Protein chains: 2
Amino acid sequence: MRIGDLAAASGLTTRTIRFYEQAGLLPAPPRTPGGYRDYPEQAATRLTFVRSAQDAGLTLAEIRSILALRDSGQAPCAHVTALIDQHLDDTERRMAELTRTRAALRGLARRAAVTDPAACTEDDICTILVSPRT
Amino acid sequence: MRIGDLAAASGLTTRTIRFYEQAGLLPAPPRTPGGYRDYPEQAATRLTFVRSAQDAGLTLAEIRSILALRDSGQAPCAHVTALIDQHLDDTERRMAELTRTRAALRGLARRAAVTDPAACTEDDICTILVSPRT
DNA sequence: CTAAACCTTTCAGCACAATGGAAGGTCAAG
DNA sequence: CTTGACCTTCCATTGTGCTGAAAGGTTTAG
């Protein structure tokens, strides 16, 4: 299976596949006499896994760590579970932060609605974003 | 006012101030005979504005565009309002996406809780993240 | 035999907002 | 006059996941 076939099978580009190899996510396959990469069937499974894990929000580094465990013969279950929990925490922290940001932006929008452009002098730069010095 | 004083007054580092100048956020000030930057009082106001705008989640590029309007003699109110609304939309889109990601992660966590490590063969890589082929 | 489609490598760059470090110049106090 | 704090410039790097381009080699169909 050449890289173009694998790309078609996985829905990735050949560039991305080479990038994944370089990033340690996909083992370097044997080469044809002409120097072309010649992939075994499992390569497609591996790429499917990488994309699934990415969809779950894992980084390539984390995915690499899971694959490394698997490749060393261990079941990565415990590691995967820990990563999922960690990302769950992360996601919740980011949501809390976005909630704060949204509240701040809503406050600014309200302020913008009642701001008189004429009241905004050059010294203030912008009275919506910064309270004018009193 | 030299850069160190301005840094102390604004709570930024001298490096960041030079970076802001280079990024077009702070006009290049006159220099002393020794080549040191010599800032007018307004520089502090300007930096305060930059930080406030950043706190609101605006990017440096957006802040630059507000300052450019102001420097060209126009009141940037309408532009600022548009930017705020746009960031509000953005924030809400990202929150919706995080909500989806969180739901996916929760599903995976539930699955991880009931997964038997022994059921996870080498071929599957990880049955928590990818359903085994049937 | 030729042209197209495919493959190879390597280096560079994107966005984002700084930060680190090197190598050297200037200024005020003691 | 020296020490040390402060200043100057420029280049490189951080993290993330690719993508672009250049310059060339291989394979397959007609």
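Filter segment A:89-101 down to residues that are within 7 Å of chain B (Cβ to nearest Cβ) and in contact with a Gly (Cβ under 9 Å, 6 or more places away or on another chain) and give me whichever is modelled with the highest pLDDT. If we take residues in segment A:89-101 being within 7 Å of chain B (Cβ to nearest Cβ) and in contact with a Gly (Cβ under 9 Å, 6 or more places away or on another chain), then A:THR91 is modelled with the highest pLDDT. Restricting attention to segment A:14-32, the residues that are of a type outside the set (A, V, I, L, M, F, W, C) and loosely packed, with under 13 Cβ neighbours inside 10 Å total 5. In the set (1) facing another protein chain (nearest Cβ under 8 Å); (2) modelled with pLDDT under 80, the condition left unmet by A:ASP116 is number (1). In segment B:73-97, the residues that are of a type in the set (Ser, Thr, Tyr) reach residues that are assigned to a loop (DSSP other than H, G, I, E, B) with C-beta atoms within less than 8 angstrom, at least six apart or across chains, in these pairs: B:THR81/A:ILE128; B:THR91/B:GLY57. Among the residues of segment A:15-34, those that are within 13 Å of A:LEU60 (Cα to Cα) and either free of Cβ contacts under 8 Å to residues at least 24 places away in the same chain or within 6 Å of DNA strand D (Cβ to nearest atom) (or both) comprise A:THR16, A:PHE19, A:GLU21, A:GLN22.
Picking from A:GLY107, A:GLY35, A:GLY57, which residue would you name as being loosely packed, with under 15 Cβ neighbours inside 10 Å and on the phi > 0 side of the Ramachandran plot? Before the answer, list the steps.
Working: A:GLY107 fails: on the phi > 0 side of the Ramachandran plot; A:GLY57 fails: loosely packed, with under 15 Cβ neighbours inside 10 Å.
From the options A:GLY107, A:GLY35, A:GLY57, the qualifying one is A:GLY35.
Here B:ARG51 meets the list (1) in contact (Cβ under 8 Å) with a residue 12 or more places away in the chain; (2) crowded, with 18+ Cβ neighbours inside 10 Å; (3) more than 12 Å from DNA strand D (Cβ to nearest atom) almost entirely, failing just condition (2). Residue count for segment A:35-56, restricted to those that are within 9 Å of chain B (Cβ to nearest Cβ) and more than 23 Å from B:ALA103 (Cα to Cα): 3.
Take the conditions (1) within 9 Å of chain A (Cβ to nearest Cβ); (2) at negative phi; (3) more than 12 Å from DNA strand C (Cβ to nearest atom); (4) surrounded by fewer than 20 Cβ atoms within 10 Å (Cβ to Cβ); B:VAL80 misses just one of them, which is (4). Criterion first (within 15 Å of DNA strand C (Cβ to nearest atom), at pLDDT 95 or above, within 14 Å of chain B (Cβ to nearest Cβ) and farther than 19 Å from B:SER131 by Cβ) does A:LEU26 satisfy it? Considered against the rule, which asks whether it is within 15 Å of DNA strand C (Cβ to nearest atom), at pLDDT 95 or above, within 14 Å of chain B (Cβ to nearest Cβ) and farther than 19 Å from B:SER131 by Cβ, A:LEU26 comes out as yes.
Screening A:PRO40 against (1) within 16 Å of DNA strand D (Cβ to nearest atom); (2) in contact (Cβ under 8 Å) with a residue 24 or more places away in the chain leaves a single unmet condition, (1). Filtered by the rule that a residue be within 11 Å of another protein chain (Cβ to nearest Cβ) and either more than 11 Å from DNA strand D (Cβ to nearest atom) or touching a Pro at 6+ places or on another chain (Cβ under 8 Å) (or both), segment A:57-71 gives A:ILE66, A:LEU67, A:LEU69, A:ARG70, A:ASP71. For segment B:112-125, does any single residue satisfy the condition of being touching a Gly at 6+ places or on another chain (Cβ under 8 Å) and assigned to a helix (DSSP H, G or I)? The answer is no, given that none of the residues of segment B:112-125 is touching a Gly at 6+ places or on another chain (Cβ under 8 Å) and assigned to a helix (DSSP H, G or I).
The values are calculated or read from the model by the stated rules, or taken from the named source; none is laboratory data. Since this is a predicted model, take the numbers as computed values, not measurements. Cβ: placed from backbone, ideal geometry, glycine included. Neighbour counts: every protein chain shown.
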